[in-house]
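Let me begin by presenting the structure, written as structure tokens, before commenting on it.
Only the coordinates and a few stated rules stand behind these numbers; no lab work does. Quantities reported herein were computed from a predicted structural model and do not represent experimental measurements. Positions of Cβ are backbone-derived with ideal geometry, glycine not excepted, and every protein chain shown enters the neighbour counts.
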Amino acid sequence: MKAYDSLGTFPDVPSGLKSLASDSGIDAYVFSNGTNAMVSSSLRTSPSLSFHASVFKSLITVEETGVFKPDPEVYRYLAKKVGRGTSLEEMGSIWLVSGNPFDVVGARAVGMQAAWVDRQGNGWVDRLGELAGGGPTLIVGGVEEAVQGIRRWISGNGGSGAGFNR
């Protein structure tokens, strides 16, 4: 567990977080299956992440819910924590950015938008997504590309907000 406090980021993360820091139109949150204590400690002490911790408006973990992603309850919990309701319209204004297919499928199943970070460039292959609300809204190669894609989507479709998963 101590090693979790010094996790490094993927190479694309710092530029993406810098881009977020300069955009007042997107509120970024850490949304994690970890505990509040574990994730907040990592945010404070990880050498490559702590420098960017101020980019995040808040840390939201599923700890209070008693269930884990991809349970629909945790995405509704996220919506409430970021000041949104759980109607399809409001859920559709929230973005989840993740490299975890199960997380994308969970978010899409409740109507959220999702950018799947495909760092390997293999394309979306998760067939569960076809049953549970579709695959990702965007497939991107990294966090910077996700930020740019979300900006384009927002300007073309309206909406705001982003949940960024660590």
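Brief remarks follow.
- Where a label projected 7 Å from the Cα of residue 120 along Cα→Cβ would reach, residues of region 11-28 with amide N under 18 Å: 11-12
- Scanning residues 5 or more positions from residue 28 or on other chains, those with amide H under 5 Å from its amide H are 57, with H placed 1.01 Å from N in the peptide plane.
- Between 32, 42, 82, the Cα set farthest toward the positive side of the dipole of region 6-98 (charges on each charged residue's Cβ, about the Cα centre) is that of 42.
- Comparing Cα centroids, region 78-93 and region 1-31 end up 22 angstrom apart.
- Multiplying the residue separation of residue 148 and residue 15 by 0.36 nm and subtracting their alpha-carbon distance yields 46.7 nm.
- Counting other Cβ atoms within 10 Å as a rough exposure proxy, the listed residues 24, 15 run 24, 15 from fewest neighbours to most.
- Built amide H within the under 5 Å cut-off of residue 49, gap 5+: none
- Long-range HN-HN contacts of residue 114 with modeled amide H, under 5 Å: 96, 137, 138
- Positive-end residue of 92, 6, 135, charge dipole of the chain with Cβ unit charges: 6
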